[in-house]
Amino acid sequence: MTTKAIKRVDEITIRFAGDSGDGMQLTGTRFTETTAIQGNDLRTLPNYPAEIRAPAGTLAGVSAFQLNFSSHAIYTPGDSPDVLVAMNPAALKVHLKDLKRGGVILANANAFTERNLKLANWDSNPLEDNTLDDYVLYSVEMTKLVSNALEDSGLSSKDIERTKNMFALGLLFWMYNRSMDSTIKWLEEKFKKAPEIAKANVVALKTGYNYGDTTEIFTTTYRVDKAEVEPGRYKSITGNDAIAYGFVAAASQAGKELFLGSYPITPASEILHALSALRNFGVKTFQAEDEIAGIASAIGASFAGDLAITTTSGPGLALKSEAIGLAVMTELPLVIVNVQRGGPSTGLPTKTEQADLMQAIYGRNGEAPVPVIAAQSPADCFDAAFEAARVAFKYMTPVLLLSDGYLGLGSEPWRIPNPKDLPKIEVKHPDKSILDEDGVYMPYRRDDKTLARPWAIPGTPGLEHRIGGLEKEDVTGNVNYEPLNHEKMIHLRDEKIKRVANEYAPTQISGNKAGGKLLVLGWGSTYGAIHVAVERAREKGYDVSQAHLRWVFPLPNDLGEILDKFEQILVPEVNLGQLIKILRMNFPNEMTGLDKIQGQPFKASEIEEKIYEMLG
Amino acid sequence: MSEVKTNEIKLTRKDFVSSSEVRWCPGCGDYAILANMQRVLPDLATKKENYVFVSGIGCSSRFPYYMDTYGFHGIHGRAPAIASGVKLANPELEVWVITGDGDGFSIGGNHMIHVLRRNIDLNIILFNNRIYGLTKGQYSPTSQLGMKTKSSPWGSVDRPFNPASVAFGAEATFIARGIDVDAKGMQDVLTRAQKHKGTSFVEVYQNCIIFNDGEFEDVSNKKTRPDNALYVEHGKPMVFGKDNEKGIIIDGSHPRVVDLGEKYTPENILHHDETNPIITNMLLQMSLDASFPTPFGVLRAVDAPTYDDLLHEQINQAKKQRGEGTLDTLFYSGDTWEV
Ligand SMILES: Cc1ncc(C[n+]2csc(CCOP(=O)(O)OP(=O)(O)O)c2C)c(N)n1
Ligand code: SF4
Ligand SMILES: [Mg+2]
């Protein structure tokens, strides 16, 4: 029984950092799951190197996972960690600068060998000199403690050493009063085929937990109460999984089969993985030979009547541009998902960025308008995917969905919707009754309201027709090169996409709805950081409000009005100011950009500072 | 798949002729391929509405516009990928891919080898005119070394490959060859192609009268064809010549052309076996060698699982094993908690 003090805290940010081989992503994910089940609100930020195993012990090989959890609603993975778990000297070197002054360091003392210290450019051992005087340091011999505990396990010393991350996890579970049950269950499931490994990991986990409980070093444990959130059933979800779910839901609500054509790429592959597992849902995943085949197969599947999607990241989107134009010309429903990463070229595969906005909106030959929707949090990826599919069907158009590495790999609790409450998506395929007096099918005769064309699918008797990438004659869809017809079709396609804006809910202003001194306007994954920054500034009495774009193209019809209500406008972006350029093309208002382009999301404090600077 | 009990009304060639005016150059070999396709389809047991013709870009790729079926004129090189999506979305469809030597083997080479490898149940016709027709006469990956074209005025230094050999290397399960001027031979291979389960690859030698006229003269000219073309048939001896007076034997480890007579008779010379990869490869090598006749007909036909069948079997199996997925089971899988 512990007699140690329990301190109640509101919000904690922990960063797990270690070598790529130390299992930090897994450790972080387990802490996340447990914390989620315990009812805290949370957000995560994995941050790992592009190399699967960069040389052990080096700065380049450090892999980290940050988790922010609290007893109130939160919107970001936290600015700077309160706790840093450093499994080796390199991890400490890379992440120490982010740790809050006075923060806790939990280090694996056994990894601080001379060799590792040298690899990480430490002149002397920071656990032993005064480098960490400003922090609360717990230097624990994790490797040794698990070795002792597993002495008689019969496992190799290498296998034993591998369990040290479970020791660290156990210790943190103790510190933050979390139950080990779900992790034990998970380990037993994961190592079903190697029960001795499962057992060793459980022992290491418990050893860590008991170490906290029994040794004198730790005097306090912390309690983070359940968060006050909307009642309902929750699960922890990453953005990539949420996108997969969103499409399965959209297919189901539309009565369609789901087809994914995709080529693996970081950080989008998890969507392919998630959907590939869902064969019993009738999901057809096609791992194509390249990104072009990924989208081309999806276009074929769409022509034949499936809900067709293709998923990728920036380099893959570049390869798909010609085919997106084909989908624009053939006016077929299709969703293209871009989980953005740092560019240009191969860039920063595992890091986040918002620099594909222009590519998404304009990156095609010819006038090829495509609606672009942006997800704003991991759980929101579900709604964004569902909405993208709905609009693609309704307007017979490709839709581009922008997510990014931060959302795709990050997670948060998702309030599980009741499937019965999801809207039905109406999809119609014409039959012979659509034929005109002469018995001819007109594939480009449009709906008056949406300008969508009918979607006749192969297998339907009497509606045999041909479509393709050549310019179409209005109504008949026959190949046509007439100057005025081309101009008319360009305008029709343009007008159709403009009408997508009629679908949007009114743009929400949080803060001063009537307007005021400053509006912070963003899109996509900056939502959380902007929200927190604006809330903090408002608490201090600043006149600042937030608006966030769900659709970045076409822009909402009410946006001009909203901009006019504010004296100043701040547009933070994880790029060199792409949205702000587009806004400037459309609106006369003066606007200020705030760019950060380091492969990392904004910290709320960075936006907050800018707010103070602008409001004086 | 293609087996349908009855076509209520007997279809005719006309049912497959669309209202679009055909716009190939007069005398282009493409006309013949179109006509043969329209002649063959009415006799095959597939409903008209279940045909889909998918093409890329090139003169040849205009083909779908002239067929009164569902058709999709894609982008350059991507037809195999588009067609794969069509077939996977709806396995009931009978999907044909129309491509050219540039479309299918230059820009679309990657898609071509992978569709063949996967053995998706599609039928591919390669219109090989050994030239880029639509872009007005540049050499293609099948143009002969030294060939003078607009982009090779000094003669091409770009060594060609043999598409059927590429198909063989890509593990194609069905490889056949025809030529535009031979209606009967082409109709035979088109019919066999559709009936084959898996990806059928049919190369058709096609004359481009404008930019590469006479490329296949030795086998298209009625006078020289008998001596230069070898029509192979499964189980039949490999004979050719105006009076079938010549045959192929294996001499040691090499094929050799022999005169039939007392020593060599149709009984003791080489017989075609479309399931034997060694024979297929030998025929493919003969295509490149001027001392042998060019083989036509079905060079290879073997059974192998198709991607589309495997995928749909897997879906059915998964449904049986785990039960048909519902949104409830999906959403509530894994750890959840109540607030
Ligand atoms: C992306 C792209 N690159 C280039 C072209 C131009 N182009 C159109 S058809 C073609 C070559 C066609 O040759 P082939 O496939 O042999 O067809 P043919 O015209 O000979 O039937 C080229 C290079 C194009 N349409 N798209
Ligand atoms: S250019 Fe050649 S291939 Fe093209 S239509 Fe004319 S003859 Fe046929
Ligand atoms: Mg050609």
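Burial here means at least 20 square angstrom less accessible surface with every protein chain in place than with the chain by itself, probed at 1.4 Å; in segment B:54-80 the buried residues are B:Arg62, B:Tyr65, B:Asp68, B:Thr69, B:Tyr70, B:Gly71, B:Phe72, B:His73, B:Ile75, B:Arg78. Entry note, chain B: the mean residue ellipticity at 222 nm calculated from DSSP H runs of n ≥ 4, each adding -39500 (n - 2.57), is -7500 deg cm²/dmol after division by the residues and rounding to the nearest 500.
Between A:Asn586 and A:Asn365, the C-beta separation translates, for a Förster distance of 22 Å, into a calculated FRET efficiency of about 0.45. Pairing chains A and B buries close to 5300 square angstrom of accessible surface in total, based on protein heavy atoms and a 1.4 angstrom probe. Subtracting the Cα-Cα distance of B:Lys223 and B:Tyr31 from 0.36 nm times their residue separation leaves 66.9 nm of extension gain. Residues of segment B:83-107 that bury at least 30 Å² of accessible area once all protein chains are present, compared with their chain alone (1.4 Å probe, heavy atoms only, ligands and nucleic acids left out), are B:Gly85, B:Val86, B:Leu88, B:Ala89.
Cα centroid separation, segment A:463-542 to segment B:273-328: 45 Å. Of A:Arg178, A:Arg446, the order by accessible heavy-atom surface (1.4 Å probe, DNA, RNA and ligands excluded), from most exposed downward, is A:Arg446, A:Arg178. A crude spin-label estimate for the pair B:Ala304 and A:Leu484, with each label 7 Å from Cα along the Cβ direction, gives 5.5 nm.
Share of carbon and sulfur in the accessible area of segment A:124-238 stands at 47%, probe radius 1.4 Å. On a per residue basis, the convex hull of the C-alpha atoms belonging to the protein assembly as shown measures out at 216 Å³.
To the nearest 10, the accessible area of B:Lys242 is 150 Å² with a 1.4 Å probe.
Accessible area per residue, 1.4 Å probe, Å², for the protein assembly as shown: what's the number? Roughly 40 Å² per residue, with all protein chains present.
Summed over qualifying helices (DSSP H, 4 residues or more, each -39500 (n - 2.57)) and divided by its residue number, chain A shows a 222 nm mean residue ellipticity of -11000 deg cm²/dmol.
Taking the protein heavy atoms of segment A:509-615 in the context of the full set of protein chains, the accessible area attributed to carbon and sulfur is 46 percent at 1.4 Å. Here the relative contact order of chain B, from alpha carbon pairs under 8 Å that lie six or more residues apart, stands at 14 percent. Multiplying the residue separation of A:Ser510 and A:Arg8 by 0.36 nm and removing their Cα-Cα distance gives an extension gain of 177.7 nm. Our estimate of slack between B:Val17 and B:Gln138, defined as 0.36 nm per intervening residue step minus the Cα-Cα distance, is 40.5 nm.
Label positions at B:Thr265 and A:Ser605, each projected 7 Å from the Cα along the C-beta direction, are separated by 9.8 nm. Here r is the Cβ-Cβ distance between A:Lys158 and A:Lys193 and R0 is 25 Å; the resulting FRET efficiency, rounded to 0.05, is 0.85. Sorting A:Asp98, B:Asp243 by solvent-accessible area of protein heavy atoms yields B:Asp243, A:Asp98, largest first, with a 1.4 Å probe. The label-point distance for B:Asn281 and B:Ser333, in a model that sets each label 7 Å from Cα toward Cβ, rounds to 4.3 nm. Between the beta carbons of A:Asn121 and A:Glu539, assuming R0 = 35 Å, the FRET efficiency works out to 0.30 to the nearest 0.05.
Checked against a 26 Å cut-off, the cross-linked pairs A:Lys394/B:Lys320; B:Lys14/B:Lys242; A:Lys93/A:Lys144; A:Lys420/A:Lys498; A:Lys513/A:Lys596 give Cα-Cα distances beyond that limit for A:Lys394/B:Lys320; B:Lys14/B:Lys242; A:Lys420/A:Lys498; A:Lys513/A:Lys596.
For each pair in A:Lys472/A:Lys496; A:Lys488/B:Lys48; A:Lys540/A:Lys565; A:Lys190/A:Lys603, compute the distance between the two Cα atoms and list the pairs where it is over 26 Å.
A:Lys488/B:Lys48; A:Lys190/A:Lys603
With the whole protein complex present, A:Thr238 retains an accessible surface near 40 Å², based on a 1.4 Å probe.
Translational diffusion coefficient, Stokes-Einstein: compute it for segment A:430-500 using the Kirkwood radius over C-alpha pairs as Rh, at 20 °C and 1.002 mPa s, and state it as an integer in µm² s⁻¹. Reported coefficient: 165 µm²/s.
Label point of A:Asp447 set 7 angstrom out along Cα-Cβ; within segment A:354-392, amide nitrogens under 18 Å from it belong to A:370-372, A:386-392.
The residues of segment A:264-293 listed by number as losing at least 40 Å² of accessible area in the complex, against the isolated chain and with a 1.4 Å probe, are A:Arg279, A:Asn280, A:Phe281, A:Lys284, A:Phe286, A:Glu289, A:Ile292. Across segment A:29-148, Cα-Cα distances exceeding 17 Å account for 61% of all pairs. Counted over all Cα-Cα pairs of segment A:400-559, pairs farther apart than 23 Å make up 62 percent. Annotation: lysines with alpha-carbon distance below 23 angstrom to A:Lys193 (same-chain offsets under eight excluded): A:Lys158, A:Lys164, A:Lys185, A:Lys206. For chain B, carbon and sulfur atoms together expose 52% of the accessible surface, with a 1.4 angstrom probe and every protein chain in place.
For A:Lys351, a cut-off of 14 angstrom between C-alpha atoms picks up these aspartates and glutamates, skipping any fewer than 8 places away in its own chain: A:Glu51, A:Asp404. Measuring between their Cα centroids, segment A:427-454 and segment A:109-172 lie 69 Å from each other.
The distance separating the Cα centre of segment A:301-368 from that of segment B:45-99 comes to 24 Å. Ranking of A:Glu535, B:Glu215 by solvent-accessible surface, largest first: A:Glu535, B:Glu215 (1.4 Å probe, protein heavy atoms only, all chains present). Only protein heavy atoms count here; under a 1.4 Å probe, A:Thr220 has an accessible surface of about 40 Å².
The values are calculated or read from the model by the stated rules, or taken from the named source; none is laboratory data. This one's a predicted model, so the numbers in the text were calculated from it and none came from an experiment. Here Cβ is always computed from backbone atoms with ideal geometry, including for glycine, and neighbour counts include all displayed protein chains. We work out accessible area using only protein heavy atoms, side chains counted, and drop any ligands, DNA or RNA first. Shrake-Rupley method; radii C 1.70, N 1.55, O 1.52, S 1.80 Å.
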